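Notes to accompany the following structure.
No value in this document is a laboratory result; all are computed from the given coordinates. Since this is a predicted model, take the numbers as computed values, not measurements. Heads up, the Cβs are rebuilt from the backbone with ideal geometry, glycines too, and the neighbour counts pull from every protein chain shown.
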Amino acid sequence: MEINPILQNVLAPPVLFFLIGAISVLFKSDLEIPAPLPKLFSLYLLLAIGFKGGIEIQRSGFTDQVLPTLSAAILMSLLIPLIGFLILRFKFDVFNSAAIAAAYGSISAVTFISAESFLESQKIAFDGFMVGALALMESPAIIVGLLLVKFAAPKNRPKSRKMHLSAILHESLLNGSVYLLLSSLIVGFLTASSNPSGIAKMEPFTGQLFYGAECFFLLDMGIVAAQRLPRLKNAGSFLIGFAIFMPLFNAFIGVFVARFLSLGPGNALLFVVLCASASYLAVPAAMRMTVPEAKSSYYISTTLGLTFPFNIVLGIPIYMSLVNTIIPLSPL
Amino acid sequence: MEINPILQNVLAPPVLFFLIGAISVLFKSDLEIPAPLPKLFSLYLLLAIGFKGGIEIQRSGFTDQVLPTLSAAILMSLLIPLIGFLILRFKFDVFNSAAIAAAYGSISAVTFISAESFLESQKIAFDGFMVGALALMESPAIIVGLLLVKFAAPKNRPKSRKMHLSAILHESLLNGSVYLLLSSLIVGFLTASSNPSGIAKMEPFTGQLFYGAECFFLLDMGIVAAQRLPRLKNAGSFLIGFAIFMPLFNAFIGVFVARFLSLGPGNALLFVVLCASASYLAVPAAMRMTVPEAKSSYYISTTLGLTFPFNIVLGIPIYMSLVNTIIPLSPL
Amino acid sequence: MEINPILQNVLAPPVLFFLIGAISVLFKSDLEIPAPLPKLFSLYLLLAIGFKGGIEIQRSGFTDQVLPTLSAAILMSLLIPLIGFLILRFKFDVFNSAAIAAAYGSISAVTFISAESFLESQKIAFDGFMVGALALMESPAIIVGLLLVKFAAPKNRPKSRKMHLSAILHESLLNGSVYLLLSSLIVGFLTASSNPSGIAKMEPFTGQLFYGAECFFLLDMGIVAAQRLPRLKNAGSFLIGFAIFMPLFNAFIGVFVARFLSLGPGNALLFVVLCASASYLAVPAAMRMTVPEAKSSYYISTTLGLTFPFNIVLGIPIYMSLVNTIIPLSPL
Amino acid sequence: MKMKRLDLIFSERELDAIIKTLEKANVPGYTVMKHATGRGPERVVTEDMEFTGYGSNAHVIVFCEQEIIDKMRDNIRDDLSYYGGVAYISEATPL
Amino acid sequence: MKMKRLDLIFSERELDAIIKTLEKANVPGYTVMKHATGRGPERVVTEDMEFTGYGSNAHVIVFCEQEIIDKMRDNIRDDLSYYGGVAYISEATPL
Amino acid sequence: MKMKRLDLIFSERELDAIIKTLEKANVPGYTVMKHATGRGPERVVTEDMEFTGYGSNAHVIVFCEQEIIDKMRDNIRDDLSYYGGVAYISEATPL
Ligand SMILES: Nc1ncnc2c1ncn2[C@@H]1O[C@H](COP(=O)(O)O)[C@@H](O)[C@H]1O
Ligand SMILES: Nc1ncnc2c1ncn2[C@@H]1O[C@H](COP(=O)(O)O)[C@@H](O)[C@H]1O
Ligand SMILES: Nc1ncnc2c1ncn2[C@@H]1O[C@H](COP(=O)(O)O)[C@@H](O)[C@H]1O
Ligand code: NA
Ligand code: NA
Ligand code: NA
């Protein structure tokens, strides 16, 4: 693996702004992006990426690759939490293991966006339907996490309330970020199919502005991640190791699945990044609600404080090397 | 009336995002656009539409149509509350009747913006001076509403304080949204006449971004409207009927006035939409201040929960059909 | 001095929006841009101006003019507070004198941005490295201010805590606005040197949107300034005079320094504006922390309520005339 | 020292009037928290009101002596009974 | 008139459930302040939680009579012990 | 159980220092509400301060036992007398 792509990734504006944010915390600068401004950018990015993905899907149509890829994506988001759970059980109780595992089975939209920006800067093509995979991978891991609790937890959870399946489905499918991403995808699709002039009128907002808004949001994410990092100390070295090892492990499985699916390098990277990233939007919301026994600082600090920065700064170029190494091999 | 224009309207991004917002409430998704982000978009839209309107007015000059149209607009915003008041008095006391009537005499800038987007997607021309009508129709209805209270209310309003004319004028003319719209119009006008290079530099902000920002704001409006809808139940069926019937009735008067003014189909639609839309910005602010006896849920829930969605989704294409039917008839 | 350039400056959209904001306060309109929306625009402007400046510096390279100009800029921000201090001591105690003097030695980024817009509208060229001067002039004045307190204040400040040099340096160099400006400059520089395709992708955000965002922010600044103005009455006529005289005086020194540096008219204006403007971001933050004996309304109300509007509306065209008069004279 | 704490909750749009009343009674200080929502006997105030013309609520806290409260009681009651809102007094000891 | 002041602080995500409890007990009104942060025995809630799926805290104030508090005590305790949060009562006199 | 409620109001910029004081005294928890404005004997803090370098106020609520308050009294008084702000104690009963 060369060092060059990592450096090139680090020198792109979004990553630089991420680092600026993180360094500001290190130096105790009082730089601050007050709530609810980060929410504005978070909503905007979900809306824009969904809208653009919907347009792309309508344009390219449902090719042979779409269905297998989306199915594999869902499978991965069911499988990863199971593996994660088994690993985490060495050190943690059922509740914490299930909650953390669910976070790693789910995805991070901003990591996905960063991978897209990386591909664009490398002039590597990718398909819009991968946004569909992004949207579909957010929820299943939540359901697995909750089922794990339901079946593996001691029968009489002292603090527990009955976990209705409908509540689980509601939390996982109608979480604000899942809902906005999916519905913006549908809006994009409908616009492209019935109202193509609307695309050009949306383009300055959802297209041209996107890169800058991504930078601004990553500036905030840098601040947030660096504020979380010190809290990881309480989590212990096992969890710290997990937060780096698990994405790499997931990426490794992901790249072989991508090869099996005959994805091109661009789609393959996005697939791998979806496997390797961990959720800090939908999953914490669902876990807090349904598994209050789990310590939130475990699943939030690891995903935001370590896995997210790792993926943004080092992970994406590493995964690209992985893709470039594994995918061109003779077919499985 | 064909079904096609309605479907075409519904499949435009702004309306789709409006529906997405409304459906998220129906499905109890936790999608939320926290305050003060909606205010940002609301201020932006007023500033941008005023600025662009001012430029258009300067460019086209004061044609023969301008003065009659603006005068007719003011007249309509004086007349409609009187009619509304007479209807509402069948069921409500003077205070509530006056407050609700004032809301329907005034206008909704976002409905106007949606109508402009509709015209653009249909490639139907309209003039910038119609923004002047928008700005001028916001206040007069407030004054009529307050005068109705002054003269029709029982002489000794128990809770009342003296209503100074100056306070009434202040509330109606210097309300934040009226002020921003009007003054942005003046800025646009001055920029176009003395500093045309400033127009191109503003264009990405006030022009290109507009459509996307409109979509984002309508997403929020969908949430707000759907949250208001259930509260309408307390309002009773009379008021629910009024919230649909009154816009249609006003549109009907409006289209004949437009024909009398010999407005082209684009300007005619905008004129009709101004008549048919109801205020949720300036009027509630003024009524709360000066007619505290009126129940705010009446005038806010009807305008936001029913009349606004009705106009956005069904009203605009219906009014367009109306315009296409009535305007081409032989002159009055 | 002709009246024309002043009128031309006043009729530019940013100044018009500033006036609209100020007038809304005068007329008691309830127009309001709620927190933290102004912070969004403030952060955006710092990020964008830094980023663009960094690109320009990388593109033009370190010409002969860069080092002398930046050195002179730092010198001015050390010298001006000393002069200001001496003047202010006629009326105020050491604490207030030092705090106010520091504000006038430091700079206002928005005044600088307004001067850039003015130059662009006048089609006068200027260099990106002047943003470097902007970034470098924010902090030194703070240090001078604090040293003045350290050495000129009565030995036993009753309320005082020990002033560690490290705390002083931290406050002055790692203030959020200084940090964001400087680091965005570095990001711009790095992007331009190693990732030029990133520039085009940032352009819609940092470039095209800039003018409109500036207008929106100045609308808010107009409101803020006009709200501050009445509080100046308590400050007394000496301070009011100082708030107008000091910028003019600083501009006068600045223009001769600019001539000595052989700056072109564009760079000269920017240099003069940096000298003439006063800080309301970094300095108040630092002074509140380290010199709580100083009355904050003195240094905030003068800079925001009087000096800022004066510079935006009248100052910039006056300084331009000054530059045009002094610079072309035969060399010193 | 015996001090009182006065909590006022009412529509943001009346804030200027209430603050004028406080200042006239020479309160030593006050704190304002805006963007409060809630329900009272007359109205539901929700977050979406913030961008409509209606505004949300302000929560004002005043620590002062009983006699200052007595001075402004009538004015505040007057404002709140006209526009809605609540006002409660409790005991408070300076730290 | 003797009145009570009830202060509830808990995660914003439980707001709907708590308000339902208040309404069922027929409180005369309540005030909600969102975007509060803090630390309790179980969790640290910081401002950056607002954009993650976790949300920040809500501070709810209710002025009401003792008997209404008695009515809802069990329900509120139940919610707060499950999800975390605090509830305190103090005296309050209407102005 | 007899508990106290401590209300602290001061500039947001001192928040970290105050929280450090609270933590050192082992408070069981605390709640922070930012973006408060107001007026004290020394300063007017308005909303526009938020984007200037000056910041607005924070309102911190702590429910704890008297002895914890006694532990931190001096430190808090020290901070508030230097930078401004108020601190008041009242009675509070857990629900
Ligand atoms: N009993 C109460 N407890 C707490 N807050 C209240 C109460 N009654 C009214 N409020 C607040 O006062 C505001 C105005 O009430 P209203 O008198 O209905 O206009 C409401 O929106 C609530 O925020
Ligand atoms: N002793 C306390 N004083 C004030 N606020 C508290 C206290 N304990 C908990 N809180 C608030 O209640 C929230 C939830 O606490 P927890 O029970 O840890 O989930 C915290 O984030 C604080 O805002
Ligand atoms: N008597 C008071 N009642 C309520 N809040 C106060 C009072 N005095 C001061 N404050 C708050 O404390 C902040 C700082 O006050 P100061 O001591 O003037 O710096 C003010 O901005 C108010 O928000
Ligand atoms: Na994953
Ligand atoms: Na109307
Ligand atoms: Na200066």
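Listing for the model above:
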| item | result |
| --- | --- |
| Charge dipole magnitude, Cβ of K and R +1, D and E -1 - the protein assembly as shown, Cα centre, debye nearest 20 | 2100 debye |
| Given charges at Cβ of Lys, Arg, Asp, Glu: the protein assembly as shown dipole, positive-most of F:28, B:326, B:165 | F:28 |
| Estimated [θ] at 222 nm from DSSP helical runs (n ≥ 4, -39500 (n - 2.57)) normalised by residues in chain D, nearest 500 | -9500 deg cm²/dmol |
| Residues D:59, A:164 arranged by fewest to most Cβ contacts within 10 Å | A:164, D:59 |
| Local electrostatic count at residue A:316 - Lys and Arg +1, Asp and Glu -1, tallied over other residues with Cβ under 13 Å | -2 |
| Cβ neighbours within 10 Å from other chains - mean over C:294-300 | 3 |
| Translational diffusion coefficient (Stokes-Einstein; Kirkwood radius from C-alpha pairs) of chain C at 37 °C, 0.692 mPa s, in µm²/s | 164 µm²/s |
| Sorted by Cβ neighbour density within 10 Å, fewest at the top, the residues E:31, B:307, C:325 | C:325, E:31, B:307 |
| 13 Å beta-carbon shell around residue B:131, net charge (K/R +1, D/E -1) | -2 |
| Average beta-carbon neighbours from other chains, 10 Å sphere, peptide C:311-322 | 0 |
| Mean residue ellipticity (222 nm) of chain B, computed from DSSP H runs ≥ 4 via -39,500 (n - 2.57), nearest 500 | -22000 deg cm²/dmol |
| Alpha-carbon centroid distance for the pair segment B:241-257 / segment A:309-323, whole angstrom | 60 Å |
| Anisotropy class of segment B:213-294 from Cα gyration tensor, a/c 1.5 cut | prolate |
| For segment C:32-81 and segment C:139-156, distance of Cα centres in Å | 25 Å |
| Reachable lysines, given that their alpha-carbon falls under 22 Å from the alpha-carbon of residue A:233 and they are not under 8 places away in the same chain | A:28, A:91, A:295, F:20, F:24 |
| Listed residue (A:187, A:95, A:240) projecting farthest to the positive dipole end of chain A, Cβ model | A:95 |
| Selection of chymotrypsin sites (Phe, Trp or Tyr not before Pro), segment B:35-78, meeting DSSP coil and at most 12 other Cβ within 10 Å | B:62 |
| Convex hull volume of the protein assembly as shown per residue (C-alpha atoms, cubic angstrom) | 176 Å³ |
| Separation of alpha-carbon centers, segment E:1-62 and segment F:29-94, rounded to whole Å | 20 Å |
| Selection from C:304, C:285, C:14, by position along the positive dipole direction of chain C (Cβ) | C:285 |
| Dipole magnitude of chain B, debye to nearest 20 (Cβ charges: Lys/Arg +1, Asp/Glu -1, about Cα centre) | 1200 debye |
| Dipole magnitude of segment E:3-91 about its Cα centre (Cβ charges: Lys, Arg +1; Asp, Glu -1), debye to nearest 20 | 80 debye |
| Likely footprinting exposure, F:5, D:13, fewest C-beta neighbours within 10 Å first | D:13, F:5 |
| Shape category assigned to segment D:3-91 from the gyration tensor of Cα positions, a/c cut at 1.5 | prolate |
| Interchain or long-range residues, amide H under 5 Å from residue D:11's placed H | D:58 |
